[in-house]
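Notes follow once the structure below has been shown.
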Amino acid sequence: MFFFPILFAALDSESDRALASRLKAREPEALREIYDKYGRLAYSVIFRVVRNAAAAEDLTQETFLRVWNRMAGFDVERGAIGPWVLTVARNRAIDYIRSVDGRMSQNAIELTGAESPALFLDMESVILNAQRAKLLQAAFHKLSEQQRTVIELAYFEGLSQTEMADRLSQPLGTVKTWVRTALRLLREELEEPVTV
Amino acid sequence: MSDTNRDTLYELYALGLLEDPELSEIEAELRSGSPAAQRLLRQAMANNALLSSLAPSAEPPPRLRRRILGAAGVEEKTGWTWLGAWGLATAALLAGFVYFSTETTRLRKDAFGVREELAVTQTELRRSQTTLAFLRDPGTTILKSGTAEERQPIAHVFVNPGQGVLLMANNLPRLEPGKVFEMWLVPKSGGPIPAGTFAADASGAALHRSTDGFDPAATAAVALSVEPEGGSPAPTTTPFLITGL
């Protein structure tokens, strides 16, 4: 079962903007609200990555504390808090499995930078909504098995293309082709243009 | 390069999958402050967030909400309102509640601080491990500039054809607010290439690494200058440390 009908239907830029504003003012009730709105989504992403309930709880806590503690740098008027929360959640989880696996790729030290609130400006609500999530789901299932595998290895396991080639015992060039073709096909299937 | 390819490159970058030379190309575009590059990156970040919808739904345990609110020093809503109906009990009970509540909040804040400290320490550890791996690599060579005289800036530059440039500097000058140090790769022909900004600690020591498309055969020197926060596309002050390759 996928969570997108529940999650993305709830993504409303106006209410998120108000919520972000209250979080920035450090209203305790706002922390409860953002957890109630995105906690399940964040936990689902983290659990998919780490596949361990105890670790997923710790990392979900770390995600929301990080967001709570770094709201000062968030642009309430232009920022998209939902994508930010989900990105922080995914990055915490990838960072965790890299530490556990002892994987120290160059990208491992870059994840924190990829969470900067400044990267989540001017994303309209059209970016994350139920329709686009459904489109992505449908597009994902149209991909070949190899293309689906590499997208999952990239997003949910944080593997580099070289690591994927090792894992799948395939030439690096083949893996790169699968990844690029999959990304292109997913983008083409998302009918609505993304407004940024 | 077509727009479609550029979209894909930024999506690869946002996923952490892009490798040199395309990685250096995209990072250079982003450093230049190009609005088009920023737009493509945000679009790629948005697509990344959408990929989260591929995760199967998992239900967090109810205790997690209490844990998070507690760790942030926010009290979970409970049935304390019944106290109002009881007239807030006695003054002694209230005083005791206030004391223990304050103490609990303090302890939670302490715990939160420890977690943040641990996260910083883990990040530093990873950075140190990466640096050590760079230094241990047989392909790494060391260069030096500056003098060992007390309080004079001095830099040790480690170069590795496959892994970039690592700068270890000491005795760096104190900077005015809004200023940073910027490293430059000075090619044998053409202008200096930005290689990232950084700050020094209170003692004037700094460690900075650039992995952007370093080509030792085409590089004449590594230089350091003081620039406005955010960095500059070309030096705006005279470099004060230049290390020849």
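Laboratory data are not the source of any read-out in this text; all were calculated from the coordinates shown. Just so it is clear, the model here is predicted, and its values are computed rather than measured. Because the Cβ atoms are built from the backbone with ideal geometry, glycine has one as well, and the counts that use them run over all protein chains shown.
Would you kindly derive the ³J(HN,Hα) couplings of segment A:149-166 from the backbone phi angles with the Karplus curve 6.51 cos²θ - 1.76 cosθ + 1.60 (θ = phi - 60°), listing them in order in whole Hz, with x for Gly and Pro?
Each residue of segment A:149-166 in turn: 4, 5, 5, 5, 5, 6, 7, 9, 10, x, 7, 6, 5, 5, 5, 5, 4, 5 Hz.
Test of understanding: ordering A:Tyr35, B:Tyr99 by Cβ neighbours within 10 Å, fewest first, what list do you get?
Sorted ascending by nearby Cβ count, the order is B:Tyr99, A:Tyr35.
Around B:Ser57, what is the net charge, scoring Lys/Arg as +1 and Asp/Glu as -1 over all other residues with Cβ under 13 Å from its Cβ?
Working: positive: A:Arg40, A:Arg48; negative: B:Glu59.
Within the 13 Å Cβ shell, the charges total +1.
What FRET efficiency comes out for B:Leu107 versus B:Arg174 if R0 is 30 angstrom and r is the Cβ-Cβ distance? Round to the nearest 0.05.
On the way: r = 38 Å, r/R0 = 1.26.
Step by step, r from the Cβ atoms, then E = 0.20.
In what order do B:His208, A:His141, B:His156 fall by count of nearby beta-carbon atoms within 10 Å, going from fewest to most? Provide the component values of the computation, followed by the final result.
Working: B:His208 20, A:His141 8, B:His156 15.
Exposure proxy ranking, most exposed first: A:His141, B:His156, B:His208.
Would you calculate the separation in nanometres between label points at A:Arg51 and B:Ser34, each defined as 7 Å from the Cα along the Cα-to-beta-carbon direction?
The modelled label-to-label distance comes out at 4.0 nm.
Given an 8 Å cut-off on Cα distances and at least 6 residues of separation, report the relative contact order of chain B as a percent.
Details: 305 pairs, mean separation 34.1, N = 245.
Averaging sequence separation for qualifying contacts and normalising by length gives 14 percent for chain B.
Sort A:82-95, B:177-190 for me by packing, meaning the mean count of neighbouring Cβ atoms within 10 Å per residue, highest on top.
Details: A:82-95: 26.0, B:177-190: 16.3.
My ranking of the peptides, most packed first, is A:82-95, B:177-190.
List the residues, sorted by chain then number, that are 5 or more residues from B:Ala221 or on another chain and whose placed amide H is less than 5 Å from its amide H.
Under 5 Å from the amide H of B:Ala221 lie the amide H atoms of B:Val186, B:Leu245, each far enough along the sequence or on another chain.
Per-residue ellipticity at 222 nm for chain B, helices alone: DSSP H runs ≥ 4 residues times -39500 (n - 2.57), over residue total, nearest 500 deg cm²/dmol?
Values: 6 runs with 99 residues, N = 245.
That comes out to -13500 deg cm²/dmol.
If you count, for every residue in B:8-16, the Cβ atoms of partner chains within 10 Å of its Cβ, what is the mean?
On the way: counts 7, 2, 1, 8, 6, 1, 3, 10, 14.
Counting other chains' Cβ atoms within 10 Å and averaging over B:8-16 gives 6.
Averaged across the residues of A:84-97, what count of C-beta atoms belonging to other chains lies within 10 Å of each residue's C-beta? Kindly include the intermediate steps, with their values, before the conclusion.
Values: counts 2, 2, 7, 6, 0, 3, 5, 1, 1, 0, 1, 4, 1, 0.
Counting other chains' Cβ atoms within 10 Å and averaging over A:84-97 gives 2.
With θ set to phi - 60° and the Karplus curve 6.51 cos²θ - 1.76 cosθ + 1.60, what are the ³J(HN,Hα) couplings of segment B:168-183 in order, to the nearest whole Hz, using x for Gly and Pro?
Each residue of segment B:168-183 in turn: 10, 10, 9, 6, 6, x, 5, 9, 6, x, x, 10, 9, 8, 10, 8 Hz.
Assuming R0 = 25 Å, what is the FRET efficiency of B:Lys188 and A:Leu185, from their Cβ-Cβ distance, to the nearest 0.05?
Working: r = 43 Å, r/R0 = 1.72.
After rounding to 0.05, the efficiency reads 0.05.
Counting partner chain Cβ atoms within 10 Å of every residue's Cβ in B:63-70, what's the average?
Numbers: counts 1, 11, 8, 0, 5, 13, 7, 1.
Whole-number average of other-chain Cβ neighbours for B:63-70 is 6.
With a 10 Å radius around each residue's Cβ, average the other Cβ atoms per peptide and rank B:5-17, A:169-181, highest first.
Numbers: B:5-17: 21.6, A:169-181: 16.2.
Descending packing order for the listed peptides: B:5-17, A:169-181.
Assuming R0 = 41 Å, can you tell me the calculated FRET efficiency for the pair A:Val100 and A:Ala138, based on Cβ-Cβ distance, to the nearest 0.05?
Working: r = 34 Å, r/R0 = 0.82.
FRET efficiency, A:Val100 to A:Ala138: 0.75.
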